[in-house]
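The values are calculated or read from the model by the stated rules, or taken from the named source; none is laboratory data. Just so you know, these numbers come straight off a predicted model, no measurement behind them. Note: ideal-geometry Cβ built from the backbone for every residue, glycine included; neighbour counts use all protein chains shown.
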Amino acid sequence: MSPGEGVEPAALAGGGLTVAHPRPGLMVHTTDGIERDDRVHDRLIVPSLTAVIVLDGLVEASFGGRRQICVATPDAPAAFAVALAEPDLLRRQFHTGAHVRKVTLRLERPWLEAAGVEPGTAAGRFCGRHLAAVSWRPSARLAALAAALIAPEPMMAPVARLVAEAHTIETAAGILAAVAGEDATAEEGGLKPADLQRAGRLRERLEMLSIASEREGSAPTLAEIAADCGVSVSTMQRLFRAAYGTSIAGWLRGRRLDHAHADIAAGRCSIAEAAFHAGYGDVANFTTAFRRRFGVTPGRLARQA
């Protein structure tokens, strides 16, 4: 794979991204790193099926103005796909300090036709509906394929290309199975627009809660956030899990770890201070959670800073 093209490599403060085109009309883009700052990146997308498999972190994007939010943890990967029957705008929202580990596949119309995805098939009908969307929990095999595309095993270049192409084709097949409704866990259409709007507002309020907690100031309660979003606490919990694939507590914990990662990487605080601000009274527990989320200990990250 080659360094990212047509994307925003400057948006990542650590880690990296790659883009490859194993076959005409088939693009695979991998991301594994920390987002540098809050920014928006717009790009016009040709008619295609775009699918994102998130292994860790938050991905927020809109296709033709229709918002998609996907949150995953190492133990709970998540995926979504959006069909574009005509050219439309992709808007990607980045978040400062957020760790993202994901694979994006774009299956353009010529490739879909060559692969036998005809208009009369279930997958073909889905791809023919502009802005049709589906979200699902990827199987263990699909998650493993995504992980292999992000961090392939070292091997000779010709073999590596063949293996990467095989992994990409198998991943594309899994995606097509999901959009065709063959994956029993797929939920076509995702959340309703009103629920997506509430979920977005909820995430913004939770961002404020996370920041306020770190600064030891006043912070809204979950009941106040639910009231502000016009739902009950139980509905809020259900809505949040449906939109982001994790609990509110789990999301807040991950967000605080993301902030801790950014602070340690920038040398803004000690490990003990980062642990305290992330809500951990014990540095050992903080180190375990940190390593599970980022694959590196805070001590090693501090030495690399």
Residue among Arg300, Arg292 that alone is closer than 20 Å to Glu35 by Cβ and of a type in the set (Lys, Arg): Arg292
The range 61-88, subset free of Cβ contacts under 8 Å to residues at least 40 places away in the same chain and not polar (S, T, N, Q), residue farthest from Arg203 (Cα to Cα): Asp75
Phe63 vs. criteria surrounded by fewer than 24 Cβ atoms within 10 Å (Cβ to Cβ), at pLDDT below 95 and farther than 23 Å from Gly128 by Cα: no
Complete set of residues in the range 150-161 that are part of a helix (DSSP H, G or I) and either modelled with pLDDT of 90 or more or surrounded by 13 or more Cβ atoms within 10 Å (Cβ to Cβ) (or both): Ile150, Ala160, Arg161
Top-ranked residue of the range 1-38 - restricted to ones that are modelled with pLDDT of 55 or more and of a type in the set (Asp, Glu), ranked as nearest to the chain's Cα centre (by Cα): Asp32
Residues satisfying the stated conditions in the range 21-80, i.e. touching a helix residue (DSSP H, G or I) at 6+ places or on another chain (Cβ under 6 Å) and at positive phi: Gly25
Condition met for Gly189 (surrounded by fewer than 17 Cβ atoms within 10 Å (Cβ to Cβ), small (Gly, Ala, Ser), under 16 Å from Ala132 (Cβ atoms) and at pLDDT 70 or above): no
Ala147, sole failed condition from (1) in contact with a strand residue (DSSP E or B) (Cβ under 7 Å, 6 or more places away or on another chain); (2) modelled with pLDDT under 90: (2)
Within the range 70-90, considering residues that are surrounded by fewer than 22 Cβ atoms within 10 Å (Cβ to Cβ) and aliphatic (A, V, I, L, M), the one nearest to Ser139 (Cα to Cα): Ala76
Residue satisfying condition, being surrounded by 24 or more Cβ atoms within 10 Å (Cβ to Cβ) and of a type in the set (Val, Ile, Thr), within set Val40, Val54, Val46: Val54
Unmet requirement for Glu113, which otherwise passes all of (1) modelled with pLDDT of 90 or more; (2) farther than 16 Å from Val46 by Cβ; (3) acidic (Asp, Glu): (2)
Number of the exception - Ala274 against (1) in contact with an Asp or Glu (Cβ under 9 Å, 6 or more places away or on another chain); (2) more than 24 Å from Leu55 (Cβ to Cβ): (2)
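If we only count helices (runs of 4 or more DSSP H) wholly inside the range 195-305, which ones have 2 or more residues that are at pLDDT below 75, surrounded by 15 or more Cβ atoms within 10 Å (Cβ to Cβ) and of a type in the set (D, E, K, R)?
Once the helices (runs of 4 or more DSSP H) in the range 195-305 are filtered for at least 2 residues that are at pLDDT below 75, surrounded by 15 or more Cβ atoms within 10 Å (Cβ to Cβ) and of a type in the set (D, E, K, R), nothing remains.
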Close pairs from the range 264-290: first of a type in the set (Phe, Trp, Tyr), partner surrounded by fewer than 21 Cβ atoms within 10 Å (Cβ to Cβ) and not in a helix (DSSP H, G or I), Cβ under 7 Å, at least 6 apart: Phe290/Thr297
